[in-house]
Each structure stands twice: as C-alpha cells, then as structure tokens.
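Below: one structure, written as structure tokens.
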Amino acid sequence: MRYKIVTYGCQMNVHESEKIAGLLEGMGGTACADGESADVIVFNTCCIRDNAERRALGNIGVVKAEKKKNPGIIIAVCGCMTQQEGAAEVIRERYPYVDIVLGTRNIFALPGEIEKVKKARAAMKKRSDKRYRAFDTEYAPDYLDRDERTPVTRTSFPNAWVNIIYGCNNFCTYCIVPYVRGRELSRPMDAVLDEVRRCVDGGYKEITLLGQNVNSYGHDLSGGESFERLLRGIDRIDGKFRVRFMTSHPKDLTDGVIDAMACSDKICSNIHLPVQSGSDKVLKDMNRRYTRERYFALTEKLRAAMPDIGITTDVMVGFPTETEEDFADTTDLVRSVRFSNAFTFVYSPRKGTPAAEMPQIPYAVKRRRIGELIKLQNAVTKELSENYVGNVYEVLAEDVSPKHEGMLCGRTESGRLATFPGDAGRIGEFVKVRINEARSASLFGVTED
Ligand code: SAH
Ligand code: SF4
Ligand code: F3S
C-alpha cells in the first residue's frame with residue numbers, strides 16, 4: 001500500500017500527519033511522492049482562514065480525475081476542516097469520491113476504516129453490496145489514551161515535534177480553533193518526558209513542544225503540573241539538544257516560565273508570542289485578556305532575563321472593530337517591540353465565531369493595512385539582522401539549503417535562519433557559523449570548525 005499525505009495548516013497538523021504516517025506504516029504502507037501511484041491519499045486540512053480552506057477543497061476536487069484513472073484509490077479527509085459545522089455533510093454531498101472523513105480526535109480509526117472500505121469494495125465485485133463510506137467526527141472520549149498508543153513516523157529530523165496539550169479553551173472571538181479542536185487536554189507529564197527522552201536517545205537534536213497555548217499546560221491535571229515544571233523536567237534530561245515551544249498566549253506567560261527558560265542552556269532564547277493587535281480596544285473585542293501595557297511588560301521581562309532572545313509574533317489586521325487609530329496602535333507596537341519576525345494575517349471571518357457576526361471592514365482597507373504592516377516589519381527584520389553580522393553563532397544544521405547548492409541551513413538559538421557551506425552528512429550537527437551577510441530571507445556565513 002502506497003500512501004500520500006497532503007498537509008495544510010500549523011505545526012500541530014504537520015505533527016499529526018506524522019501520526020497518520022505512523023498508522024499507515026503500521027498497516028504495511030510506504031510513502032510515495034505523487035498522487036497518481038498512491039493507493040491511499042489523506043488530506044489533513046486546516047480552516048483557520050478562508051484561503052486555507054479553499055486551497056484544501058480545491059485540491060480535494062482535483063483528485064476526482066485521479067480517481068477516474070485509478071478507481072482503486074482510497075481518499076480520506078481529516079483535520080480541522082472536517083470538524084466545522086456541516087462540513088462532513090458538504091463533503092458527503094459534493095465530494096462523493098471521498099471515502100473516509102475523520103475528525104481531529106479520532107484519527108486512530110483510519111486503519112480500521114481503510115480495511116472496511118477495501119472489504120466493501122471486494123464484496124461489491126462479487127455481489128451488489130453498497131459502497132462503504134466512513135464519517136466519524138465525534139470526539140473520542142478516550143482520546144488521550146488512544147493518542148499515547150498511536151505510532152509516529154517522524155519526518156523532520158533533526159527536529160522532533162512533541163505535543164503537550166490538545167485543544168483550546170480561550171475562544172478569541174475571531175478564531176475557529178476551539179470549535180474544531182475541542183477543550184484543552186494535557187498529556188500526562190511522564191508521557192511527555194518519556195517521549196522527549198526517547199527522541200533525544202534516538203538522535204534528535206531539537207525538540208519542539210506543541211500546543212495552542214503551551215502556557216496552560218497542566219491546569220487540567222491533578223498533580224500540580226504546569227508548563228514551568230514541564231520545562232524544568234525536560235531541562236534535566238541528559239544530552240545535547242535544543243528545546244523550543246509554540247504557541248505562548250501572553251495572558252498566561254508566567255515569571256516562572258521566563259526563569260526556567262533563562263536558567264536552561266537547552267531551552268532556546270526564543271519565543272513565539274502572538275500579540276494580534278496593539279490596540280487595547282481591539283484586544284478586548286478579540287477576548288485576548290491582556291493589554292498592550294502587559295504585552296510590553298512581558299517583552300521587557302523576557303529581554304531582561306535573556307538579552308539575546310528572539311521574539312516572534314502573529315499580527316492580524318482588519319478585525320471588524322479596528323479603526324485607523326487602532327491600526328496605528330498596532331504599527332506603533334510593532335515599531336517599539338522590534339520583533340525578529342512577524343506572521344501577518346488579514347482577518348478572515350469564520351462561520352460560527354462572534355466576530356463573523358459583526359459588520360466587516362472593506363477588503364481594500366484590510367489590503368492597505370496589511371501592506372503597510374509588512375513593509376514596516378520587513379524594515380525591522382532587516383535592521384535586526386545587521387546586528388548578527390561579524391559574530392559567531394551556534395547553528396543546528398537542519399537541512400540542505402533549498403536555494404543554494406552545496407549549502408546547509410539551520411537556526412541560531414534565537415531562531416534566525418542561517419545559510420552556510422556544508423554537505424548533507426552534517427545535518428543534525430551543531431555548527432559554529434560566522435555571519436558575514438544579512439539578506440532579507442536568511443543570514444549567510446562561513447563555518448568556524
Ligand atoms: N493558538 C495560537 C494561534 C493559533 S492560529 C495563539 O493563540 O496564539 C495562528 C494565527 O492565525 C493566530 O495567531 C492569528 O494571528 C491567526 N488567525 C486566527 N484566526 C484568524 C482569522 N479568523 N483570520 C485571520 N487570522 C487568524
Ligand atoms: Fe485561537 Fe485564541 Fe485559542 Fe489561539 S488562543 S487557538 S487564537 S482561540
Ligand atoms: Fe489550521 Fe487547525 Fe492548525 S485550523 S492552524 S490546522 S489548529
């Protein structure tokens with residue numbers, strides 16, 4: 001059985017695709033690159049913004065032709081999109097060639113459903129049995145137990161993704177995630193520590209802890225677990241490796257976490273701290289539960305504890321109540337904080353969320369604001385990059401450079417991308433790199449060892 005997985009969305013989904021791969025390999029599958037020779041195609045979808053959704057639906061539409069050429073193919077759709085209200089019905093009606101639809105908390109049903117589809121097809125050849133299609137988007141009540149037993153086929157060496165908490169309880173008024181990923185569920189701390197230990201023993205050099213809000217880790221467990229305690233536990237694991245985590249909600253980032261980061265040489269001085277807006281009014285309307293002052297205070301604390309820290313963020317423009325003044329507050333914040341990088345988004349109304357019910361801002365306004373914001377952040381990124389030139393940094397060789405032959409790329413502890421000479425055999429090594437040039441996409445340097 002050859003399989004192909006098409007992944008959309010965030011790192012959570014990237015890691016979930018590694019679990020889908022694990023499940024398929026558990027039933028004898030091997031990965032293949034092109035859809036045409038695949039026996040099973042899985043679409044792991046995202047619905048955070050309209051364009052993510054449209055892209056996934058467009059590509060699911062394309063496999064219709066493939067199914068005509070290769071009628072034996074099995075097509076499965078899973079991930080966040082399936083969990084939206086009415087989505088499974090839409091797929092049932094409009095995409096009749098999709099065989100299996102699984103929600104975000106029952107992916108482990110995939111092997112069983114594939115077997116059922118195959119069996120039903122074999123039976124159809126003999127008698128006139130009905131075709132079997134699976135639609136299962138109920139949240140499995142024993143999700144955490146099943147998840148612990150789900151195999152993982154890792155595809156991102158030398159980095160290993162490790163989930164620590166699933167779901168989200170925050171209900172930011174623009175966001176669909178709490179509706180499609182369910183309430184927060186923390187994995188037991190021992191299970192996380194064991195997984196990290198196994199990854200490090202297996203040669204992984206960077207562990208990235210995943211959660212919609214890693215800072216709320218443990219509040220649903222009964223032994224006083226917290227993200228700070230988890231970080232300190234991971235720090236005690238032997239070996240040379242790096243730890244990163246995403247995402248941190250500013251309202252829950254504690255002094256303890258900042259201290260655990262600062263005290264550890266394994267936990268990188270790097271944090272992704274989405275601010276969304278620089279306006280107190282908009283933050284309130286978004287239900288973010290912090291103010292711009294609190295955000296400034298956090299970034300100051302982080303920099304006082306770790307002077308070289310790289311702070312990245314997510315910023316959104318065009319939230320329904322955002323006026324020109326509010327947008328000016330955002331650009332002011334971006335100018336003052338000096339993020340090493342910012343992911344910028346145009347607000348996209350999501351059905352079923354409170355903000356989608358409000359009067360919306362014209363697209364032309366949103367487009368102008370995003371253009372302005374991107375221009376501003378690019379200038380900040382460029383300025384900060386210049387500071388790296390002339391210095392030596394430890395870089396983890398993560399991959400061959402996609403653009404420059406004979407070069408490798410990887411990140412500094414602070415999270416900046418660096419490109420330097422080297423061959424693929426060095427991937428997974430920590431390398432000393434002297435930076436001699438800062439271009440917009442990457443720093444460039446030479447190795448010192
Ligand atoms: N849990 C993370 C964010 C996950 S979604 C956090 O709270 O920080 C990643 C980013 O997508 C968000 O930070 C936000 O900037 C953006 N986003 C979420 N919903 C959106 C929407 N409806 N329209 C545009 N961008 C959105
Ligand atoms: Fe969405 Fe807010 Fe939860 Fe992040 S914290 S996933 S933005 S609801
Ligand atoms: Fe998208 Fe789901 Fe992640 S909506 S951003 S894949 S949590």
Please state the charge dipole magnitude for segment 235-330, taken about the Cα centre, from unit charges on C-beta atoms (+1 on K and R, -1 on D and E), reported in debye and rounded to the nearest 20.
420
Given 0.36 nm per residue, what is the gain on full extension from Thr323 to Asp259 after removing their alpha carbon distance, in nm?
19.3 nm
Taking the alpha-carbon centroid of each part, what is the distance from segment 154-173 to segment 372-449 in angstrom?
25
Distance between Cα centroids, segment 189-237 to segment 30-46: provide it in whole Å.
31
Cross-link reach list, aspartates and glutamates versus Lys284, counting only Cα pairs under 19 Å and skipping chain neighbours closer than eight places
Asp252, Glu293, Asp314, Glu322, Glu324, Glu325, Asp326, Asp329, Asp332, Glu357
Calculate, for Glu383 and Ala123, the FRET efficiency according to 1/(1 + (r/R0)^6) with r their C-beta to C-beta distance and R0 51 Å; round to the nearest 0.05.
0.15
Rounded to two decimals, the Debye log10 I(q)/I(0) of segment 210-280 (Cα scatterers, no solvent) at q = 0.15, 0.17, 0.18, 0.28 Å⁻¹ is -0.50, -0.64, -0.71, -1.41
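Restricting to DSSP H runs of at least four residues, report the calculated mean residue ellipticity at 222 nm for the chain, -39500 (n - 2.57) per run over all residues, nearest 500 deg cm²/dmol. Spell out each step's value before the answer.
Working: 13 runs with 161 residues, N = 449.
Value at 222 nm, helices only, nearest 500: -11000 deg cm²/dmol.
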Largest fluctuation, Val317, Val392, Val334 only, Gaussian network model of the chain with Cα springs under 10 angstrom, belongs to Val392
Using modelled amide H (1.01 Å from N, peptide plane; none on Pro or chain starts), what sits under 5 Å from the amide H of Ile267, excluding residues fewer than 5 places away?
Val243
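How big is the antiparallel share of DSSP beta bridges in the chain, given as a percent to the nearest 5?
35
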Spin-label point model (7 Å from Cα, Cβ direction): what's the Lys130 to Arg367 distance in nm?
4.8
Per-residue ³J(HN,Hα) for segment 401-414, Karplus 6.51 cos²θ - 1.76 cosθ + 1.60, θ = phi - 60°, Hz, x for Gly and Pro:
5, x, 10, 10, 5, x, 10, 10, 9, x, 10, 6, 4, 6
Taking only C-alpha pairs under 8 Å that are 6+ residues apart, what is the relative contact order of the chain in percent?
10
Once segment 67-115 is represented by equal point scatterers at the alpha-carbon sites, with solvent omitted, what log10 I(q)/I(0) does the Debye formula produce at q = 0.19, 0.26 Å⁻¹?
-0.64, -1.02
The chain: percent of C-alpha pairs farther apart than 43 Å?
15
Can you give the extra length, in nm with one decimal, that the chain gains between Ser336 and Glu85 once fully stretched, where that is 0.36 nm per residue apart less the Cα-Cα distance?
86.3 nm
Segment 364-433: C-alpha gyration tensor shape, a/c 1.5 cut-off, then a/b vs b/c:
prolate
Under Stokes-Einstein, with the Kirkwood radius over Cα pairs standing in for Rh, what whole-number D in µm²/s applies to segment 1-90 at 20 °C and 1.002 mPa s?
159
Carbon and sulfur atoms account, in whole percent of the 1.4 Å probe accessible area of the chain, for 51
Simple SL model, points at 7 angstrom along Cα→Cβ for Glu293 and Glu36; separation in nm is 6.4
Divide, for segment 25-163, the radius of gyration over alpha carbons by 2.2 N^0.38 Å, where N is the residue count.
1.09
How many nm is it between the label spots at Asp308 and Lys432, if each spot is 7 Å from the Cα in line with the beta carbon?
1.2
Under 23 Å Cα-Cα from Lys375, which lysines qualify once same-chain neighbours fewer than 8 residues away are excluded?
Lys366
Per residue value of the accessible surface for the chain (all protein chains in place, 1.4 Å probe), Å²:
44
Treating only the Cβ atoms of Lys and Arg (+1) and Asp and Glu (-1) as charged, compute the dipole magnitude of segment 346-443 about its Cα centre; round to the nearest 20 debye.
640
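Measure up Lys240/Lys432; Lys64/Lys118; Lys205/Lys251 against 21 Å on the Cα-Cα distance and list the ones that go over.
Lys205/Lys251
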Once you order the gyration tensor axes a ≥ b ≥ c over the Cα atoms, which shape class does segment 86-139 get: rounded for a/c under 1.5, otherwise prolate or oblate by comparing a/b with b/c?
oblate
Cα-centre dipole for segment 85-171 with unit charges at Cβ (Lys and Arg positive, Asp and Glu negative), debye to 20
780
In square nanometres and to one decimal, what's the mean projected area of the convex hull around the Cα atoms of segment 39-83?
2.9
Pairwise FRET efficiency - Met27 versus Lys68, Cβ, R0 = 25 Å, nearest 0.05:
0.45
Any chance you could list P(r) for segment 104-201, counting all Cα-Cα pairs in 5 angstrom bins from zero, rounded to whole %?
2, 10, 15, 16, 15, 14, 11, 7, 5, 3, 1
In Å, what is the Rg of the alpha-carbon atoms in segment 234-376, and how long is Dmax?
16.7, 54
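The values are calculated or read from the model by the stated rules, or taken from the named source; none is laboratory data. Since the model is a prediction, treat every value here as computed from it, not as a measurement. Ideal geometry is used to build each Cβ from the backbone, glycine not excepted, and the neighbour counts take in all protein chains shown. Accessible surface is based on the protein model in full, side chains and every heavy atom, while ligands, DNA and RNA are left aside. Shrake-Rupley method; radii C 1.70, N 1.55, O 1.52, S 1.80 Å.
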